[in-house]
Every structure is written in C-alpha cells, then in structure tokens.
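*Asks:* Sharing a structure here in structure tokens format.
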Amino acid sequence: MAHANAELKNWHDWSDPDFFTTTGQQETRFIPLFLRQVLPGHMLQTRLTMTGWCLIIVSFGLGLAAYNTSSNILFLTLSLLLSSLVLSGILSWFNFRKLQWELRAPTHLRVGEVGMAEVDLVNQKVFLPSMAICFRVETEMTEASERLYMQQALSAGESCKLEWTFVPLQRGYFELRLSGVQSQFPFGFLEKTVGSDSEASVLVWPARIDYSFQAAPGGQRISAGVSRKSAGLGNDLLNIRPYARGDPPRLVHWKATARMRRLMIRQLAQEGESGYHLQLDPDASRWSPKQFEVLCSLACSLADDLFHLGRLESVVIGDADRMPVRTIHELHDFFDQLARIERREGSMESNSYVRTNRLTFRPCGESGIAIYVDANQAGQTND
C-alpha cells in the first residue's frame with residue numbers, strides 16, 4: 001500500500017518497472033495516472049483558432065460529400081484532415097512538456113524609469129525541441145498587457161531569456177504575472193493556454209522632481225537636484241586637490257600623495273552645517289490628489305539629495321515614530337513608505353518632535369509645494 005502511495009505521488013515517473021505490476025487496484029490506478037500524464041494539471045484551455053474552424057468546416061463539407069458519393073478519395077481526405085487535428089493536439093502537448101519558466105523583474109523602480117522584466121525559459125526534454133511559445137505578461141503599471149514571443153526553436157536541454165521593457169506610470173506596489181503561456185504549434189489549428197504561477201513584485205518609488213532649496217544665505221544650496229558644498233574646516237571630506245601655498249600641513253592626504261607622487265590636500269566642508277529632520281503630513285484636507293503626488297516626489301527627491309550630502313538626520317510620516325536615516329537601507333525604507341502612502345483624514349503630528357532644522361511642506365498655488373525650515377520658507381518646486 002505504501003508503494004502504491006509512492007506511485008501516486010510521483011506520477012511523472014513511468015520508468016518504474018513496478019508501475020504496471022498487478023497489485024490490488026491496477027486498473028483504477030492506471031487510468032487517472034495516464035490522464036494526468038497526458039493532460040497537465042495546470043492546463044487552462046484549448047480552443048480552435050480561425051484556421052482550426054476553417055478545417056472543421058471543410059471537413060464537414062467533405063464528410064457530406066463523401067457520404068453522398070461514397071468516394072474513397074473523399075473519405076481518405078477527410079481522415080487525413082481529422083487526423084491532422086488530433087495530431088496537432090498531441091504535438092502541442094509534447095511542445096509544453098518539461099518546459100519550465102520563471103519571471104524576474106527589478107524589485108524597485110521610480111515612476112518614469114525604464115524597467116526590464118525577464119522570462120527565463122528552460123527546455124528539460126531529452127530529445128524534442130519546444131517551438132512557437134508565447135508569454136502574456138500583465139501588470140497594473142501599464143495600460144495594456146504584453147506578449148513575449150520565442151523567436152526560434154529551443155532545443156532539448158537548452159535555455160533562453162525573453163526580455164520586456166516597461167515604464168511605470170504611478171507609484172505603488174505592483175505585481176507582474178504571467179497570466180498565460182500560449183502556443184499554436186504545430187499547424188495553428190489549436191491554441192493551448194497554460195496557466196502560470198510565476199509572479200514578480202515591483203515597488204515603484206515616486207518620480208524625481210525639480211525644486212530649489214537653500215536653508216540660509218551662504219549655506220548649502222540645492223537646485224533641481226544639483227547640490228553644492230562650500231569649502232571650510234569641518235569634518236566632512238569635500239574633495240582632494242593638489243597642494244597650494246598656505247595650506248595647513250595637517251590636511252595633507254598621504255595616501256593620495258604617494259599615489260600621485262605630489263602633495264595632495266584634503267578639502268573639507270564647512271563646519272556648523274547640521275542635519276535636517278524631514279516631516280511629512282499626509283492630511284487629505286491640506287493636499288489635493290495632484291498635490292499629494294507632487295509632495296511624495298518632492299519629499300523623495302529632497303531626502304535623496306540631503307542624504308548624499310550628509311545632511312539628513314531623520315524622517316517621519318504622519319504620527320509615526322521618527323526614523324533615523326544613517327544608511328542607504330534606511331533611506332530606501334523611507335522611499336518604500338513613500339511608494340505606499342495614501343492621504344489620510346485629519347492632521348497628524350509626530351510625537352517625536354524636534355525644535356530646529358525641521359523640514360515641512362505646505363501647498364503653494366494649485367500644484368506647487370513650498371519647503372519650510374522651521375517657520376521660514378527655504379525653497380519650492382519648480383514649475
């Protein structure tokens with residue numbers, strides 16, 4: 001009995017010599033195993049194509065003519081046509097057999113950024129190739145589904161890769177899925193569609209946006225995503241340059257000097273530039289849907305630029321706990337939150353309040369956003 005259960009579990013293996021042995025329930029076991037071997041369990045549908053319907057109509061006409069005339073030639077022709085239809089179904093099953101595929105896509109993208117999804121296809125058959133395979137990829141990121149065609153036959157034991165480029169139109173969490181794998185091989189009479197469980201998820205961050213930001217006169221300035229630092233005697237390394245008369249000896253960069261075979265100096269950023277604490281309030285009464293999307297893009301762009309300048313201390317959304325941003329992974333966690341955030345009813349202030357260098361946002365016009373440092377406007381989006 002245990003051996004019979006093992007056969008039912010591993011129904012793909014017909015090479016077992018005990019498969020056809022006469023044990024208790026041979027007949028009742030063989031039929032379902034045979035059907036499961038011939039008809040894959042994930043088969044969705046088999047339908048006649050336009051060519052197939054034409055074949056059926058012609059066969060029906062030939063059948064009537066052969067019946068009325070008793071012509072052996074017409075009967076033979078009818079038999080060949082119907083046999084080709086049956087042969088098409090059998091060969092199409094062999095075409096799908098032991099064919100494996102996997103959908104892969106980037107885990108993160110920005111709105112408007114070109115992404116590439118890939119379908120890795122492997123033919124695990126020993127002898128026969130697979131031909132004319134079509135994959136249908138669907139996602140809510142784009143307005144229509146896409147069909148990927150295998151341009152040439154995939155020989156036994158070989159693999160190939162199909163690529164599809166797409167551009168997300170909005171932020172959020174989306175899934176790419178192979179909603180169907182189709183083939184009209186070999187004669188185009190039948191189209192078999194096989195279901196697929198292969199999926200890939202993509203988290204789309206807000207798009208970058210042009211803006212201007214300057215916290216104080218003479219300080220650090222960011223304009224349209226381009227930042228500038230002023231030289232000084234702080235702790236952050238700004239640049240490495242050749243030695244000039246009057247430079248302090250303590251600023252000599254000895255490793256760069258040895259490599260360049262000339263005195264190189266560490267140029268440091270200005271002191272006194274403390275970090276900012278970005279705060280975003282998703283109050284639905286303050287932001288229209290259009291302004292809220294601009295707000296998410298502005299917060300994402302400003303946080304990205306400030307982080308790479310070493311000027312971003314923490315971020316907070318609504319009444320959540322303040323999240324420090326010290327590593328690129330923490331910054332990407334903030335981007336993930338911006339990808340999923342929605343407008344909420346009621347103003348929400350975080351309990352982790354900071355007194356200085358607090359970055360907030362306010363509406364400016366119909367679609368613009370103003371940037372405030374504490375109570376002073378320090379920048380805005382560029383129309």
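The values are calculated or read from the model by the stated rules, or taken from the named source; none is laboratory data. Since we're looking at a predicted model, the values are computed, not measured. Virtual Cβ from ideal backbone geometry, glycine too; neighbours counted across all protein chains shown.
Rundown of residues vs (1) surrounded by 21 or more Cβ atoms within 10 Å (Cβ to Cβ); (2) assigned to a strand (DSSP E or B); (3) within 25 Å of the chain's Cα centre (by Cα); (4) not aliphatic (A, V, I, L, M), yes/no style:
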site: 301; (1), (2), (3), (4): yes, no, yes, yes
site: 306; (1), (2), (3), (4): yes, no, no, no
site: 313; (1), (2), (3), (4): no, yes, no, yes
site: 321; (1), (2), (3), (4): no, no, no, yes
site: 329; (1), (2), (3), (4): no, no, yes, yes
site: 336; (1), (2), (3), (4): no, no, yes, yes
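*Asks:* Also, I was wondering about something else. Scan the stretch 151-164 and report the pairs whose first residue is closer than 16 Å to residue 177 by Cα and whose second residue is loosely packed, with under 10 Cβ neighbours inside 10 Å, with Cβ atoms within less than 7 Å and a gap of 6+ or a chain change.
*Replies:* Pairs found: none.
*Asks:* Quick one: which of 165, 139 is at pLDDT 85 or above and over 30 Å from residue 81 (Cα atoms)?
*Replies:* After ruling out the rest, the residue left standing is 165.
*Asks:* Given 83, 71, which one is surrounded by 13 or more Cβ atoms within 10 Å (Cβ to Cβ), modelled with pLDDT of 75 or more and of a type outside the set (A, V, I, L, M, F, W, C)?
*Replies:* Of the residues listed, the single one that is surrounded by 13 or more Cβ atoms within 10 Å (Cβ to Cβ), modelled with pLDDT of 75 or more and of a type outside the set (A, V, I, L, M, F, W, C) is 71.
*Asks:* Can you tell which of 283, 304 is touching a strand residue (DSSP E or B) at 6+ places or on another chain (Cβ under 8 Å), among the acidic types (Asp, Glu), within 24 Å of residue 208 (Cα to Cα) and assigned by TED's automatic domain parsing to the domain that holds residue 371?
*Replies:* 283
*Asks:* Scan the stretch 123-177 for residues that are among the polar types (S, T, N, Q) and surrounded by 19 or more Cβ atoms within 10 Å (Cβ to Cβ) and jot them down.
*Replies:* Passing the criteria: 123, 130, 139.
*Asks:* Just to be sure I understand, how many residues within the stretch 85-120 are part of a strand (DSSP E or B) and either hydrophobic (A, V, I, L, M, F, W, C) or not assigned by TED's automatic domain parsing to the domain that holds residue 133 (or both)?
*Replies:* Of the residues in that region, 7 qualify.
*Asks:* Does residue 172 meet the test of being of a type in the set (Gly, Ala, Ser) and more than 15 Å from residue 201 (Cα to Cα)?
*Replies:* In short, no.
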